[in-house]
4 protein chains.
Amino acid sequence: MNMEKIQQQIKEFSKQRDWDKHHNPKNLVMALSVEASELLEIFQWLESNQTLNLSEEKLTHVKEEVADIAIYLIRVCMAYNIDLENAIFEKMKKNELKYPLVDKEGNKINYKKN
Amino acid sequence: MNMEKIQQQIKEFSKQRDWDKHHNPKNLVMALSVEASELLEIFQWLESNQTLNLSEEKLTHVKEEVADIAIYLIRVCMAYNIDLENAIFEKMKKNELKYPLVDKEGNKINYKKN
Amino acid sequence: MNMEKIQQQIKEFSKQRDWDKHHNPKNLVMALSVEASELLEIFQWLESNQTLNLSEEKLTHVKEEVADIAIYLIRVCMAYNIDLENAIFEKMKKNELKYPLVDKEGNKINYKKN
Amino acid sequence: MNMEKIQQQIKEFSKQRDWDKHHNPKNLVMALSVEASELLEIFQWLESNQTLNLSEEKLTHVKEEVADIAIYLIRVCMAYNIDLENAIFEKMKKNELKYPLVDKEGNKINYKKN
């Protein structure tokens, strides 16, 4: 994913519309949370098995909401100079320590990564 | 951002813990929304100007929540074979049509992209 | 439900702790949304059928989150002098117009309320 | 607030439309969270001071979203036989223990309730 190009476009888009004044981190995380709920709304009355084959229309909707979330997420990262890729890898390392693999006897497995 | 490597790690992590059975799209978007609120929670009592200089501790917290959101977002994309980069660029194109640039007289500006 | 007594207690609690300065409507609706997600979190990995018989511990947790949501909701109403009971009845009247009852042939039923 | 009458109307409304099958607790808390975000959305780009004098249109919108949240909240309570009033008073008692009143020297104040 070309993060630099995306960031550049997001920056330009907001600057051209003079929206930067609204885009303080507090407002951005609110907007991010609102977008996450719009994604949630698509699924709220569906049964789990109905989500496997979404209609073309619903899938397009999902794609748009996913993009909206990503855009605000990247905007938050830009506000705090967070390297998203790095943040993801660090969090996944932390998750592996938090949820260690165990064998059937409950002993931790020394999992060797490729 | 090396999306392929991230997807690979997410996949492996979930498979090794036998979590795939819980990770249907409906549950994933719920989890995504919950993580977005955990990010929101950090900011809920802060004034806008207090968000400019977060403490080291809060910044680490923000970084972790941002990563959690990204991980579930990528997981949703994997469930529906959504190319996140492509979805972002398409959404931004749509946003440019939805919010056209206007000059001081309110006329649309034909904005030429570099 | 003795709304007056609840409002009185909420008011006093916040005033005694000098929290009113943080409790502007924007912050209150953020807090409300965060509490709603904490309720959501209890259910995120449960299957629908698992939610019918919650453990005593989970039920206590649900009860607490429900109360937190109600408290912030009432606080928002207090900020705007909204009569919650009245708002509920008006919304339900609107919902009845929005989702009219239809018979098997798809004709609207003139539903007479008791 | 006449909770019994509200519960009765909610029950009837859902039954007449055969919606009970969708209204399992998991779906209800999702819907509640989505409504909370719709309330949040009204405030996302407003500055704190702009929220003090909402337009008539925005105030009506706030009132409707507040009602939607209350309706789903009451529906969740009905699903688990939670007495909302009781839950609120218990939670406020707990909050008073969690956030004790202190004087200027930091000593706890034995706060006597009327």
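The values are calculated or read from the model by the stated rules, or taken from the named source; none is laboratory data. Every value quoted in this text rests on a predicted model; they were computed, and no experiment measured them. Quick reminder, even Gly has a Cβ in these numbers, built from the backbone with ideal geometry, and neighbours come from all protein chains shown. Areas reflect the complete protein model, heavy atoms only, side chains present, ligands, DNA and RNA absent. Shrake-Rupley method; radii C 1.70, N 1.55, O 1.52, S 1.80 Å.
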Residue B:112 is checked against (1) surrounded by 20 or more Cβ atoms within 10 Å (Cβ to Cβ); (2) modelled with pLDDT under 95 and fails just one. What number does that condition carry?
(1)
Could you grab the pairs with beta carbons closer than 6 Å, sequence gap of 6+ or different chains, first residue in the range D:90-106 and closer than 18 Å to residue C:70 by Cα, second one modelled with pLDDT of 95 or more and not in a helix (DSSP H, G or I)?
none
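Mind listing just one residue for me: the one in the range C:89-114 that is assigned to a helix (DSSP H, G or I) and not aliphatic (A, V, I, L, M) and, of those, nearest to the other protein chains (Cβ to nearest Cβ)?
We begin by selecting, within the range C:89-114, every residue assigned to a helix (DSSP H, G or I); these are C:89-98.
With not aliphatic (A, V, I, L, M) added as a condition, the list becomes C:89-91, C:93-96, C:98.
On the way: C:89: 8, C:90: 7, C:91: 4, C:93: 10, C:94: 7, C:95: 7, C:96: 7, C:98: 11 Å.
The qualifying residue nearest to the other protein chains (Cβ to nearest Cβ) is C:91.
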The condition from (1) at the interface with chain C (Cβ under 10 Å from one of its Cβ atoms); (2) part of a helix (DSSP H, G or I) that residue B:45 misses is numbered (2)
Please work out which residue is least open to solvent (accessible area, probe 1.4 Å), limiting yourself to the range B:3-19 and to residues that are farther than 15 Å from residue A:101 by Cα and more than 7 Å from chain A (Cβ to nearest Cβ).
B:7
Tell me whether the range D:53-60 contains one or more residues that are open to solvent by 10 Å² or more (accessible area, probe 1.4 Å), under 22 Å from residue A:19 (Cα atoms), outside any helix (DSSP H, G or I) and at the interface with another protein chain (Cβ under 8 Å from one of its Cβ atoms).
yes
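Hey, among B:21, B:26, B:11, B:15, which residue is in contact (Cβ under 8 Å) with a residue 24 or more places away in the chain and assigned to a helix (DSSP H, G or I)? Break it down into steps so the answer makes sense when it comes.
Details: B:21 fails: in contact (Cβ under 8 Å) with a residue 24 or more places away in the chain; B:26 fails: in contact (Cβ under 8 Å) with a residue 24 or more places away in the chain; B:15 fails: in contact (Cβ under 8 Å) with a residue 24 or more places away in the chain.
Of B:21, B:26, B:11, B:15, the one residue that is in contact (Cβ under 8 Å) with a residue 24 or more places away in the chain and assigned to a helix (DSSP H, G or I) is B:11.
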Being at pLDDT 95 or above and within 22 Å of residue B:87 (Cα to Cα) is true for just one of A:65, A:90. Which residue is that?
A:65
How many residues of the range B:66-86 are surrounded by fewer than 22 Cβ atoms within 10 Å (Cβ to Cβ), more than 18 Å from residue B:14 (Cβ to Cβ) and under 13 Å from the mean Cα position of the chain (by Cα)? The answer is 1
So for the range D:29-48 (the condition being in contact with a Pro (Cβ under 7 Å, 6 or more places away or on another chain) and buried (at least 18 other Cβ atoms within 10 Å of the Cβ)), does at least one residue qualify?
yes
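Quick check on my filter: what residues within the range B:73-88 are free of Cβ contacts under 8 Å to residues at least 24 places away in the same chain and assigned to a helix (DSSP H, G or I)?
Of the range B:73-88, the ones free of Cβ contacts under 8 Å to residues at least 24 places away in the same chain are B:77, B:81-83, B:86-88.
Answer for the range B:73-88, where residues must be free of Cβ contacts under 8 Å to residues at least 24 places away in the same chain and assigned to a helix (DSSP H, G or I): B:77, B:86, B:87, B:88.
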Identify the single condition in (1) surrounded by 17 or more Cβ atoms within 10 Å (Cβ to Cβ); (2) of a type outside the set (Ser, Thr, Tyr); (3) modelled with pLDDT of 95 or more that residue A:23 does not satisfy, given that it satisfies every other one.
(3)
